[in-house]
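The values are calculated or read from the model by the stated rules, or taken from the named source; none is laboratory data. These numbers come from a predicted model, not from an experiment. Neighbour counts run over all protein chains shown; Cβ positions are idealised from the backbone, glycine included. With ligands, DNA and RNA removed, areas are computed over all heavy atoms of the protein, side chains included. Shrake-Rupley method; radii C 1.70, N 1.55, O 1.52, S 1.80 Å.
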Amino acid sequence: MKKLLLDRIPGVKQILGVYAVIVFGVYSWTLFVSFYNLPSWMFYLSAGQIASVYAYALLASLADSLLLLAGVVLADYLLFFMLRDMTEFQSRAIVIAVAVLLCSVIRLYLFSGYEDSAEFISSECKWWAIAAAVGLPLAVLFSKVGRLRGFIEGFSERTSLFLYFYLALSGISLAIVLVRNLS
Amino acid sequence: MAGVTLAGVAASKKLSAITAGSDSRPNIIVIVMDTLSARHMSLHGYPRPTTPNMDAFAERSTVYNNHYSCGNFTTTGTASMLTGMLPWKHRAINYGGLVLPEFAHCNPFSLLGSEYQRFGFAQNAWADHLLGQYPRDIDRFLSPLAYSLTAENPALGLFDNDRAISSIAVNDFLLSMDGQENRPAASSVFGYLNRSRIFRQTAAQVSAEYPRGVPELMGGAPFLNEEVYDGVYAELLQLASQPKPYFAYIHLFSPHDPYNPRHDYRKLFNDDFAPPVKPVHPFSYGFTEEYVATRRVLYDRLIAQVDDEFGRLVSRLDEESVLDNSYLILTSDHGELFERGFLGHGAHFMYESVLRIPLLVHSPGQTKREDVHSLTSNIDLLPTLLSFAGRDPAPELDGRILPGFGGETDDDRPIISLIARENSAFAPVEKAVFSMRRRSHKLIVYLNYEMPGRNFELYNLESDPEELNDLSSKDVKTASAMKDEFFAYLNEANKRYSRK
């Protein structure tokens, strides 16, 4: 039983491949939204203060990405427990992560005002059901079809550059936040 | 931060009486009711009986009948009150903006110093940003969510030493909780979860008691005024039990919109009150009179509810003898406007309803009413608070000690307010709307705005309190003199930012 459970835990390299895509998506969204805010920040925050806001944002993105990674790995483990071939894990988990992330950011974008609160709530189950209905079969499809899997893995490989870049920035951000709060 | 519970202090009857005498300096309690227009208070002649409890409180307070905010939205109005400076000096002029770091030390918390136990609570996130510029000078600093129906995020407490910037980053940007211009949350996971949690909590509050839902903070976090005022009472009792004198700044969100009064207040003011119809302003949203009237009555009802809560608070403080050795100051940061095709605040409107705010100062043991009719500004509050504590005002302050507390009446004093949210805080003020009140006249200046047919308005508020008759082209002499004076002040203020 123990072997059965352990055999289905993905390797670090595979997890890093998934994490690279998650980091790319999560940090890109944060930076995208920051461009809405940047003009107004420039009106009332100094350059140092704006840099500090970005430091908090990048740290939050780090937390976001780790939480999403944990959720996706767990979901994959539970939902696809019966699939023994762990070479498929990476592409499958990436598709799940992309589905979750897309659903989340599209909803945040469409229902951004708090006058949209009623619609945000009433449509929540429907949106996540659709995300699951589309995402899970696609996850299986992309993991089973060699060319699709190759495409996803290639994409993951290219985003690994962002992984190291953003993680380095997050490290600097952590230092900035620590200095601001401990000094 | 956890709130103080009523049960926890229930045993402390007559707390202030017990502790009084350990330090004879009076306590100072400032209660700011966000968005409370003096022109909607029966205390100041509004036809609807919106504020009977404040009217009663006024009978033992000093009442300022012509008190103005320096701004028409929270950031500017609150920053002026806290710094004692005009907006073109402190520069918190943008939505959610901050006071220039060089002036951040000009605030009651820092200037009163550690001899006072200092308590800060601002339900309005933008006011919280301003207090967050000096978190180390506030001994107990509550989160805007304290005493609300939404649990505070404990992670945010980690950043209390950098409250202003962390709040802009986390609340305004990552969680998009400031309600500003409908920007999506930048945090795709926590931002989403937070939004879902708060919207669900808000929706769950719709009930027979609150058929339109309960009041909400910026970003939609629900709260009940009943619970918030209970919390304020518990905090004040806790402060009264300390040996030190205390300063409490309490910035409460209601009657800010959304106007969601409790069910029993929804029966009020079903009357035929109809204020004069005013010309639609070119910058308005073109709301119909009927729609504006439906919103006005909700606002008035919410004021009535808040007034009852205030009355309840004062009577409980009286029972505990807290006011025997305390100044209690009631004011607002700006008003609210329901006219000219517009409703709300923070837009390009500098009419009386949005600038005239209440100011009532109850001195320790005061039993009689005093009225001050001369023009005063909310920049006068800080120097007055400092005088209560026996401190000299800082030289940087523009405000003066209020008449009635040692300040002199100056009938020639100009009272200036502005909105410059589209202007950089680091540049000369070149795009803004200003108001300058001097004696009975008020000049409104639209600087670098395209106003069809006019860039100035002039009103004589003694003969035309509703600002219906624009005199800018009829009383050219007065208009010209006021313009010259105003631009002299503006040029002086802009000097340090002038481009070379």
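How big is the Kirkwood radius of segment B:89-237, worked out from every pair of different alpha carbons and given in Å to one decimal? List each step's numbers first, then the result.
Working: mean 1/r = 0.0610 Å⁻¹.
Value: 16.4 Å, from the Cα pair sum.
Please report the antiparallel percentage of DSSP beta bridges with both residues in segment B:23-406, rounded to the nearest 5. Let's see the in-between values first.
Numbers: 11 of 36 bridges.
Around 30 percent antiparallel, to the nearest 5.
May I ask for the percentage of alpha-carbon pairs in segment B:440-499 that lie more than 14 Å from each other? Display every interim value, and only then the final one.
Numbers: 1055 of 1770 pairs.
Tail fraction, whole percent: 60.
Heavy atoms of the protein only, probe of 1.4 Å, neighbouring chains included. What is the accessible area of residue B:456 in Å², nearest 10?
About 50 Å², ignoring ligands and nucleic acids.
What is the dipole size for segment B:23-406, taken about its Cα centre, with +1 at each Lys and Arg Cβ and -1 at each Asp and Glu Cβ, in debye to the nearest 20?
Values: 31 positive and 45 negative charges, 98 e Å.
With only Lys, Arg, Asp and Glu charged at Cβ, the dipole is about 480 debye.
In nm, to one decimal, how far is the residue B:319 label point from the residue B:161 one, both placed 7 Å along Cα→Cβ?
So the label points at residue B:319 and residue B:161 sit 4.2 nm apart.
Can you give me the distance in nm between label points at residue A:133 and residue B:289, each placed 7 Å from the Cα along the Cα-to-Cβ direction?
Here the modelled spin labels are 5.2 nm apart.
Rg/Rh for segment B:298-368 to two decimals, with Rh computed the Kirkwood way over all alpha-carbon pairs. Please list the in-between numbers first.
Working: Rg = 15.7 Å, Rh = 14.3 Å.
That ratio is 1.10, to two decimals.
If you keep only loop residues by DSSP, which trypsin sites (Lys or Arg not before Pro) in segment A:22-119 have at most 14 other Cβ atoms within 10 Å of their Cβ? Don't jump to the answer; show the numbers that get you there.
Details: sites: A:84, A:92, A:107; in loops: A:84.
Loop-located and lightly packed - A:84.
For the charge dipole of segment B:193-329, defined by +1 on Lys and Arg C-beta atoms and -1 on Asp and Glu C-beta atoms about the Cα centroid, which residue among B:282, B:325, B:251 has the Cα displaced farthest towards the positive pole?
My answer, from the dipole projection, is B:282.
So how long is each side of the protein assembly as shown along the principal axes, counting just the alpha-carbon atoms, biggest first, in Å?
Here the spans come out as 85, 65, 54 Å, largest first.
Could you point to the residue in B:463, B:269, B:298 farthest towards the positive end of chain B's charge dipole, with +1 and -1 charges on the Cβ of Lys/Arg and Asp/Glu respectively?
Farthest along the dipole direction, towards plus: B:298.
Counting heavy atoms of the protein chains only and a 1.4 Å probe, report the per residue accessible area for segment B:23-406 as a whole number of Å².
Numbers: 11000 Å² over 384 residues.
That works out to 29 Å² per residue.
For segment B:316-370, state which trypsin sites (Lys or Arg not before Pro) are in a DSSP loop and have at most 15 other beta carbons lying within 10 Å of their beta carbon. Mind showing how you got there, number by number?
Values: sites: B:316, B:340, B:356, B:368, B:369; in loops: B:340, B:368, B:369.
Of the trypsin sites (Lys or Arg not before Pro), the ones in loops of segment B:316-370 whose Cβ has at most 15 other Cβ atoms within 10 Å are B:368, B:369.
If the limit is 27 Å between Cα atoms, which of B:89/B:244; B:89/B:442; B:278/B:483 go over it? Present the calculation step by step, with values, prior to reporting the outcome.
Values: B:89/B:244 33 Å; B:89/B:442 22 Å; B:278/B:483 24 Å.
With Cα atoms farther than 27 Å apart: B:89/B:244.
Considering all alpha-carbon pairs of segment A:31-183, what whole percent are spaced by more than 28 angstrom? Show your work: numbers first, answer last.
On the way: 4281 of 11628 pairs.
Considering segment A:31-183, 37 percent of its Cα-Cα pairs are separated by more than 28 Å.
Explain nothing, just the number: dipole magnitude of the protein assembly as shown about its Cα centre with +1 on each Lys and Arg Cβ and -1 on each Asp and Glu Cβ, in debye rounded to the nearest 20. Intermediate values should be presented prior to the final figure.
Working: 61 positive and 73 negative charges, 454 e Å.
With only Lys, Arg, Asp and Glu charged at Cβ, the dipole is about 2180 debye.
Using the Cβ atoms and a cut-off under 10 Å, what net charge is assigned to the surroundings of residue B:119, where Lys and Arg are +1 and Asp and Glu are -1? Walk me through the intermediate numbers first.
Details: positive: B:118, B:140; negative: B:139, B:235.
Its environment carries a net charge of 0.
For segment B:419-500, what is the charge dipole size about the Cα centre, in debye to the nearest 20, if Lys and Arg each add +1 at the Cβ and Asp and Glu each add -1 at the Cβ? Don't skip to the end; give the middle numbers.
Values: 14 positive and 13 negative charges, 107 e Å.
With Lys and Arg at +1 and Asp and Glu at -1, about 520 debye.
What is the spread of the Cα atoms of segment B:23-406 along each of their three principal axes, largest first, in whole Å?
52, 50, 42
Working with all protein chains in place, sort B:263, B:348, B:129 by solvent-accessible area computed with a 1.4 Å probe, largest first.
Numbers: B:263 85, B:348 30, B:129 0 Å².
So the residues, ranked largest to smallest area, are B:263, B:348, B:129.
What share of the DSSP beta bridges in the protein assembly as shown is antiparallel, in percent to the nearest 5? Please list the in-between numbers first.
Working: 28 of 54 bridges.
Rounded to the nearest five, the antiparallel share is 50 percent.
Work through the residues other than residue B:439 whose Cβ is under 10 Å from its Cβ and net out their charges, Lys, Arg +1 and Asp, Glu -1. Walk me through the numbers on the way to the answer.
Numbers: positive: B:413, B:437, B:438, B:442; negative: B:411, B:412, B:462.
Taking every other residue near residue B:439 into account, the sum is +1.
For the protein assembly as shown, with all protein chains present and a 1.4 Å probe, just round the carbon and sulfur fraction of the accessible area to a whole percent.
Values: 16000 of 26380 Å².
About 61 percent, which is the carbon plus sulfur part of the accessible surface.
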